[in-house]
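Student: I have a structure here, written as C-alpha cells, and I will follow up with some questions on it.
The values are calculated or read from the model by the stated rules, or taken from the named source; none is laboratory data. Just so it is clear, the model here is predicted, and its values are computed rather than measured. Quick reminder, even Gly has a Cβ in these numbers, built from the backbone with ideal geometry, and neighbours come from all protein chains shown.
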Amino acid sequence: MKTRIGVIFGGRSTEHEISVISASQAMHAINRDRFDVTPIYITKDGKWYTGDALLDVANYRNIPALLARCKQVYMRPETGNFNLYLAKKPFWGSDIATTLDVIIPVLHGSNGEDGTLEGLLETIGIPFAGCNTLSSANGMDKITMKMILKDAGIPVVDYVWFTDKQWFRERDALVERIESTIGYPVIVKPANLGSSVGIGRADNREQLLDRVSDAERYSTRIIVEDLVENLQEINCSVLGDCDEYTMSVLEEPIKTGDFLTYEDKYMGGTKGAKGMQASQKRIPAELPADETERIKFLAGETFRVLSCHGVSRVDVIIDRDTRNIYVNEINTIPGSLSFYLWEATGLTFEKLMERLVALAIKRRREMAQKTQTYDRNIFSLGGGGVKGAKGCKGSKI
Ligand SMILES: Nc1ncnc2c1ncn2[C@@H]1O[C@H](COP(=O)(O)OP(=O)(O)O)[C@@H](O)[C@H]1O
Ligand SMILES: [Mg+2]
C-alpha cells in the first residue's frame, strides 16, 4: 500500500500565497508511484479544504470558485486518530474523507511555521515533517531565536527587544538604551513575521519612533537590531535532524534596494508570484573557501542548537567591511522547501520529499520509545492523600 501524505498549506499568514506556491511545487515533486497525496488547504480565515482542484496554482485566482469545487475537512485533536473528516456529514456513508499516514506542513509564517499547527499534529500523534512545536516556535520568534543562538556562541548582531506595552510605558529609557548600546542606523522588526513585513530602517530618533509604530501594528514583541550597512546576504539549507544533518551549497539572493523585499524574494522580476526559487540568486555563492566552510558550520550549528528537523534554511549576513558573519534568521519551512539548493547539491526534489517523509516516520518511532505517561492511577492507590481528590492541599507540595 502507498504511504498517504497530507500536505497542509495556505493558512492565516501574510505569506499565505507563497505557501500555496511552495506546496504546489512540493506536491508535484512527490513520486505518485510510492505515495498518495492529499492537498489540505487552509484558507485565510482558517478553514480546511481538500480536493484535486487545489493542486493547480492557476485555480487560486478565484478562491470562492476554487472552494466550491472542494470539500471542507478537519482533523480531530484525538491521539492516534489520523482521519481527515468531512465537515458536512454525508446523508449516508462515512464522513471520513481519507486516512493519512504522514503530514508535510508547507506553511510559511504565523499560524503554521511557528509551532501552532505543529502542536496540533503532536497532539494527534501523526508523523509529520519538519520542526516540532518547540523548535518551530523558537525559530520563528526573532527574539527568542537570537537569545538561544547568542547563548550558544553563534554570532548575531546586537539587539534590544521590548513589548508594545513596554514601549508605551518606558519609551524614553528604551530609546536611550538603543542609542547607547547599538546606535543608528538600526533596523526595526516585528518579532514573529516573515517576508520583510513591518521591517524598516531608522537613521535617527524620529525615524525610530515611526518604525516602531509601524512594527507595533504586526506584533506585540519588537526587536531593534544593529543595521549592517554594507552587507552581503548568504543562505544555506540544512537537512536532517539535530543529531545528523547535512548542509546544501550556498546561495546569494540578489536584492534591488537596501534590503530584500517581498518582491525581491518571490516575484523574481517576472510577472506573477513564482515562489522563492524564482527570485534572483547566485548558486553557488561566490565566496572564499574558508568563508563558505564557516557559513556552513554556523548554519549547521543554528539547526542543531534550535533542535531543528526536516529541511530549514539559515540566512546569514556578512559585513563587507569587516567580513564578520552573523546568523540573521532560520526559516524552519523555507520558501520552495529550498529544493533548488538541494538540486544544486545533488539531491532531486523527489528525493528531498522522500527524505522528509522518512525523517518524519523515524522521529515518530523514536518518540514512541520514550515514556509519555506514567502508568499508575493515583486515584486507585489507597490511603492518605487519595481519599477524595485534595489537589495541592493534600500533598506535600
Ligand atoms: N541587521 C541587519 N542589518 C542590515 N540588513 C538587515 C538586517 N536584518 C535584516 N536585514 C535585511 O532585511 C531583510 C529582512 O530581514 P529578516 O530578518 O530576514 O526578516 P524576514 O523574516 O522578513 O525575512 C533581510 O533579508 C536583509 O536584507
Ligand atoms: Mg529573511
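Student: Counting just the residues of region 290-319 that are among the charged types (D, E, K, R) and within 11 Å of ligand 1 (Cβ to nearest atom), which one comes out farthest from SER248 (Cα to Cα)?
Tutor: The extreme case among them is ASP319.
Student: Which one of ASP141, ASP158 is among the acidic types (Asp, Glu), in contact (Cβ under 8 Å) with a residue 60 or more places away in the chain and crowded, with 17+ Cβ neighbours inside 10 Å?
Tutor: Sole residue among the options that is among the acidic types (Asp, Glu), in contact (Cβ under 8 Å) with a residue 60 or more places away in the chain and crowded, with 17+ Cβ neighbours inside 10 Å: ASP141.
Student: Does region 1-15 hold any residues that are more than 17 Å from VAL102 (Cα to Cα) and crowded, with 21+ Cβ neighbours inside 10 Å, and which are they?
Tutor: Listed by number, the residues that qualify are GLY10, GLY11, SER13, GLU15.
Student: So is ASP258 within 12 Å of ligand 1 (Cβ to nearest atom), at pLDDT below 95 and of a type outside the set (S, T, N, Q) or not?
Tutor: It is true that ASP258 is within 12 Å of ligand 1 (Cβ to nearest atom), at pLDDT below 95 and of a type outside the set (S, T, N, Q).
Student: Of all residues in region 324-361 being within 16 Å of ligand 1 (Cβ to nearest atom) and of a type in the set (S, T, N, Q), which is nearest to ARG282 (Cα to Cα)?
Tutor: The qualifying residue nearest to ARG282 (Cα to Cα) is SER338.
Student: Checking the condition within 19 Å of GLY153 (Cβ to Cβ) and either surrounded by fewer than 21 Cβ atoms within 10 Å (Cβ to Cβ) or not polar (S, T, N, Q) (or both), which residue from GLU343, GLU329 passes?
Tutor: Residue meeting the stated conditions: GLU329.
Student: I'm checking my understanding of the structure. Among residues of region 214-246 that are at pLDDT below 95 and under 17 Å from GLY130 (Cβ atoms), which one is nearest to ligand 1 (Cβ to nearest atom)?
Tutor: Out of the qualifying residues, it is CYS242.
Student: Looking only at region 224-244, how many residues end up being more than 13 Å from ligand 2 (Cβ to nearest atom) and surrounded by fewer than 23 Cβ atoms within 10 Å (Cβ to Cβ)?
Tutor: Residues in region 224-244 being more than 13 Å from ligand 2 (Cβ to nearest atom) and surrounded by fewer than 23 Cβ atoms within 10 Å (Cβ to Cβ): 11 in total.
Student: Next question, about the same structure. Could you run through region 197-213 and say how many residues are out of contact with any Pro (no Cβ under 8 Å at 6 or more places or on another chain) and within 12 Å of ligand 1 (Cβ to nearest atom)? If you could, list the steps in order and put the result at the bottom.
Tutor: Quick first cut of region 197-213, residues out of contact with any Pro (no Cβ under 8 Å at 6 or more places or on another chain) only: 200, 204-213.
Within this subset, residues satisfying the condition of being within 12 Å of ligand 1 (Cβ to nearest atom) are 200.
Total meeting the criteria: 1.
Student: Further question: Checking LYS370 against (1) at pLDDT below 95; (2) in contact with a Lys or Arg (Cβ under 8 Å, 6 or more places away or on another chain), which test does it fail?
Tutor: (2)
Student: Looking only at region 325-380, which residues are of a type in the set (D, E, K, R) and assigned to a helix (DSSP H, G or I)?
Tutor: Answer for region 325-380, where residues must be of a type in the set (D, E, K, R) and assigned to a helix (DSSP H, G or I): GLU343, GLU350, LYS351, GLU354, ARG355, LYS362, ARG363, ARG364, ARG365, GLU366.
Student: Further question: Give me the residue from region 170-194 that is buried (at least 19 other Cβ atoms within 10 Å of the Cβ) and farther than 13 Å from ASP158 by Cβ and, out of that set, farthest from ligand 2 (Cβ to nearest atom).
Tutor: LEU174
Student: Something else about it: Going by what's in this entry, would HIS28 be described as surrounded by fewer than 19 Cβ atoms within 10 Å (Cβ to Cβ) and closer than 28 Å to TYR340 by Cβ? Explain how you work it out, then say what you get.
Tutor: Details: surrounded by fewer than 19 Cβ atoms within 10 Å (Cβ to Cβ): yes; closer than 28 Å to TYR340 by Cβ: yes.
Yes.
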